[in-house]
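The block underneath contains the structure these notes are about, expressed in structure tokens.
The values are calculated or read from the model by the stated rules, or taken from the named source; none is laboratory data. What you see is a predicted model; the values in this text were computed from it and never measured. Counting neighbours? That spans all protein chains shown, and the Cβs are built from the backbone with ideal geometry, glycine included.
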Amino acid sequence: MAELTYRQEGDYLVPNIELEKMEDRPLGKYGRMRRTHLMENNRLLYNHLTLTGKLFPHLWEVQDTATARMEQLMKELLAADPAPDKKTRQMDWVRHMNALKAQAEEIVTAELISN
């Protein structure tokens with residue numbers, strides 16, 4: 001363990017501790033879902049990741065993986081069950097695409113978020 005140095009702040013000695021510089025990147029939908037899942041269902045892992053400074057890199061990795069998996073699943077589901085013609089049956093196309101997206105999100109949630 002590294003030797004700690006201190007600075008004088010009034011009557012107190014305060015340790016010179018700095019957080020590691022992290023990428024300033026927003027957290028997307030799947031990253032926020034994963035964080036909420038960890039906070040509610042796996043407090044030990046959540047606290048460990050937070051204290052070691054690995055929480056946000058973990059959440060960003062889950063976000064990237066979930067987004068890529070969603071794109072892949074949508075392509076596969078669309079190939080297996082083609083959508084109706086968008087020009088002539090717009091509402092059917094929207095209904096079909098929303099159903100496929102719901103299926104893909106359910107799979108991603110089970111595989112990556114809740115796992």
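Of everything in the range 1-54 that is of a type in the set (Ser, Thr, Tyr) and in a helix (DSSP H, G or I), the residue that is nearest to Ile113 (Cα to Cα) is Tyr30. Pairs are defined by a Cβ separation below 8 Å, a sequence spacing of at least 6 or placement on different chains, a first member in the range 85-109 that is at pLDDT 95 or above, and a second member that is among the polar types (S, T, N, Q); no pair meets this definition. Looking across the range 17-31, the residues that are within 26 Å of Arg69 (Cβ to Cβ) and out of contact with any Leu (no Cβ under 8 Å at 6 or more places or on another chain) come down to Met22, Glu23, Asp24, Arg25, Pro26, Gly28, Lys29.
The set of residues in the range 18-35 that are surrounded by fewer than 12 Cβ atoms within 10 Å (Cβ to Cβ) and either basic (Lys, Arg) or at pLDDT 95 or above (or both) contains only Lys21.
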